[in-house]
Amino acid sequence: MTQAVAMDTRKSQLLFERAQQVIPGGVNSPVRACKAVNSQPIFIERADAAWLYDVDGNAFVDYLGAWGPMILGHQHPRLMEAVEDAVRLSTSFGAPNALEVDIAELVVKMMPSIQMVRFVNSGTEACMSAVRLARAYTGRNMVIKFDGCYHGHADSFLIKAGSGLATLGISSSPGIPEELSRLTVSLPFNDLSVVEKAFKEHKEKIACIIVEPIMGNAGLIVPKEDYLSGLRELCTTNGALLIFDEVMTGFRVGAGGAQQKFKVTPDLTCLGKVIGGGLPVGAYGGKKEIMERVAPSGDVYQAGTLSGSPVAMAAGLAQLRVLQTPGAYERLEQKTAALADGIREIVEKGKVPAQVVHVTGMLCVFFNDKPVVDFESAKACNTERFAKMWQELLKNGVYWPPSQFESAFVSLEHGKRELDATLDAFKVALA
Ligand code: KE4
């Protein structure tokens with residue numbers, strides 16, 4: 001593929017100048033500012049199937065997938081029709097509607113560890129509510145999380161977090177009282193001994209472990225053999241709850257998420273992204289005896305004006321239903337593996353010091369000559385080299401997530417045309 005001509009980005013630049021006057025950093029979520037890849041953000045006008053189209057008329061193969069939700073690709077007919085039908089009946093009621101029951105029953109069917117589920121409006125809300133519930137249910141206050149994991153921006157989680165914090169090199173955020181951050185212990189991922197030590201040190205003070213069963217916010221880091229079952233055992237032995245944050249992996253890495261893939265059953269699960277089909281939806285759920293503590297059946301308070309909004313429920317329900325199509329996840333795995341193998345071949349041929357990691361629907365290129373097994377080894381990556389790759393990919397029509405500490409997402413709409421175009425772009429970007 002010939003080197004693309006310099007892209008016209010004038011309209012994006014004008015929009016970004018205006019945006020920076022009235023929105024902090026010109027964006028509504030930090031990672032979108034593309035600072036870590038020394039670039040200005042591209043403003044997207046529309047998207048269709050596996051493609052993004054920006055305001056200057058440039059087209060890109062989309063590996064953002066809106067950070068996970070767009071597993072069916074953009075404008076899937078079943079999803080768009082469901083949303084159009086719902087929006088004609090008004091956009092929100094503030095009273096129960098049937099779609100909330102339909103999607104809750106489907107989530108319970110797809111993820112058997114969830115006997116009851118509460119819908120909220122974001123992954124952050126799902127994770128903060130699950131931790132509040134764990135604290136109430138156990139009567140304990142401390143939380144164990146893992147370095148580089150990201151559970152949204154609630155105060156208790158912004159300690160050595162991944163995603164946008166790692167991208168910007170902020171390990172924890174100002175504005176969080178010392179008294180509160182002392183209740184969160186953040187440990188290296190993939191090491192059971194440090195977790196055992198933490199339980200010995202803090203004994204019955206630990207309410208829960210919250211973990212991304214497959215880390216997607218420090219780049220893509222898979223758990224070592226028996227790691228997740230080890231966390232399960234430590235929680236059971238010490239009377240703490242195990243919370244799987246499957247906001248990213250839920251209904252992406254397989255029909256039953258990471259918990260089905262690794263056959264480890266958490267006490268609570270946090271969901272988001274895929275279950276909203278691109279609209280604002282999060283959820284938390286788990287054992288009935290725990291979930292019944294949530295108001296109004298119990299005394300643990302959590303609420304939301306727009307929780308269960310019919311349009312968002314329609315989008316999520318349509319997407320989950322299409323994902324029931326036999327063979328959907330096998331096809332997604334084939335697409336992801338073909339892309340990962342293709343990039344690996346380019347890396348090996350070019351003797352590029354990089355690791356290519358993938359699981360169904362997600363992949364990552366680490367610029368490190370050693371395997372990346374935790375946040376420390378992720379932070380040892382050459383982020384400047386990543387930035388150069390990212391810029392070259394963009395110039396060659398591929399929109400990759402703008403941070404070494406993120407995962408790329410593949411959809412069911414990424415076909416041969418997209419794969420070939422992507423590998424052509426990688427040949428230039430990794431040269
Ligand atoms: P939201 O509040 O952004 O919907 O979800 C927070 C969250 C919780 N748990 C996991 C495992 C997550 O990946 C996320 C959000 N992921 C990032 C992408 N790495 C969102 C992108 C952004 O912050 O703009």
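A short reminder: the numbers here are calculations on the coordinates, not readings from a lab. Predicted model only: the values in this text are computed from it and were never measured. Positions of Cβ are backbone-derived with ideal geometry, glycine not excepted, and every protein chain shown enters the neighbour counts.
General observations
- P(r) tail, region 104-146: Cα-Cα pairs separated by more than 16 Å, 51% of all pairs.
- In order along region 143-157, the Karplus-derived 3J(HN,Hα) couplings, from 6.51 cos²θ - 1.76 cosθ + 1.60 at θ = phi - 60°, round to 10, 9, 10, 10, 4, x, 6, 10, 10, x, 9, 5, 3, 5, 9 Hz, and Gly and Pro are given as x.
- Annotation: peptides 26-37, 83-94, 206-217, 147-158, ranked by per-residue average of other Cβ atoms within 10 Å with the highest first, follow the order 206-217, 147-158, 26-37, 83-94.
- Principal axis dimensions, largest first and in whole angstrom, of region 175-327 by Cα: 47, 38, 34
- Spherically averaged projected area of region 356-427 from its Cα convex hull (nm²): 4.9 nm²
- For the listed peptides 311-320, 410-419, a ranking on the average number of other beta carbons within 10 Å per residue, highest first, reads 311-320, 410-419.
- Filter on 109/273; 273/388; 370/427 - keep pairs with C-alpha separation over 23 Å: 273/388
- For region 267-394, the spherically averaged projection of the C-alpha convex hull amounts to 11.7 nm².
- Per-residue ³J(HN,Hα) for region 392-408, Karplus 6.51 cos²θ - 1.76 cosθ + 1.60, θ = phi - 60°, Hz, x for Gly and Pro: 5, 4, 4, 4, 9, x, 10, 9, 9, x, x, 6, 4, 9, 9, 10, 8
- Proximal aspartates and glutamates relative to residue 287, as straight alpha-carbon distance under 20 Å, when same-chain residues fewer than 8 apart are discounted: 100, 102, 105, 125, 212, 233, 245, 246, 267, 299
- Furthest towards positive pole of dipole, 43, 131, 57, structure part the chain, Cβ charges: 131
- Put simply, the C-alpha atoms of the chain give a gyration tensor, and the ellipsoid matching it has half-axes of 33, 26, 21 Å, longest first.
- Student exercise, region 77-323 dipole from Lys, Arg, Asp, Glu Cβ charges, in Debye to nearest 20: 220 debye
- Across region 77-323, C-alpha contacts under 8 Å between residues 6 or more apart give a mean separation that, scaled by the residue count, equals a relative contact order of 31 percent.
- Helix-only arithmetic for the chain: the sum of -39500 (n - 2.57) across DSSP H runs with n ≥ 4, divided by the residue total, places the mean residue ellipticity at 222 nm at -11000 deg cm²/dmol.
- Rel. contact order, % - alpha carbon contacts under 8 angstrom, at least six apart, region 1-91: 20 percent
- One quarter of the surface of the convex hull around the alpha-carbon atoms of region 136-211 equals 5.2 nm², the direction-averaged projected area.
- The relative contact order of the chain, computed from alpha carbon pairs under 8 Å that lie at least 6 residues apart in sequence, is 23 percent.
- Lysines with Cα under 18 Å of residue 197, excluding same-chain neighbours fewer than 8 positions away: 145, 205
- With kT/(6 pi eta Rh) evaluated at 4 °C and eta = 1.567 mPa s, and Rh the Kirkwood radius from Cα pairs, region 1-95 diffuses with a coefficient of 82 µm²/s according to Stokes-Einstein.
- Placed amide H near residue 51: partners under 5 Å, 5+ positions off or other chain: 62, 74
- Listed residue (426, 280, 220) projecting farthest to the positive dipole end of the chain, Cβ model: 220
- Whichever lysines have a C-alpha closer than 22 Å to that of residue 11, once near sequence neighbours (fewer than 8 apart) are set aside: 35, 395
- For residue 300, the amide hydrogen comes within under 5 Å of the amide hydrogens of 294, 295, counting only partners 5 or more places away or on other chains and with H modelled in the peptide plane.
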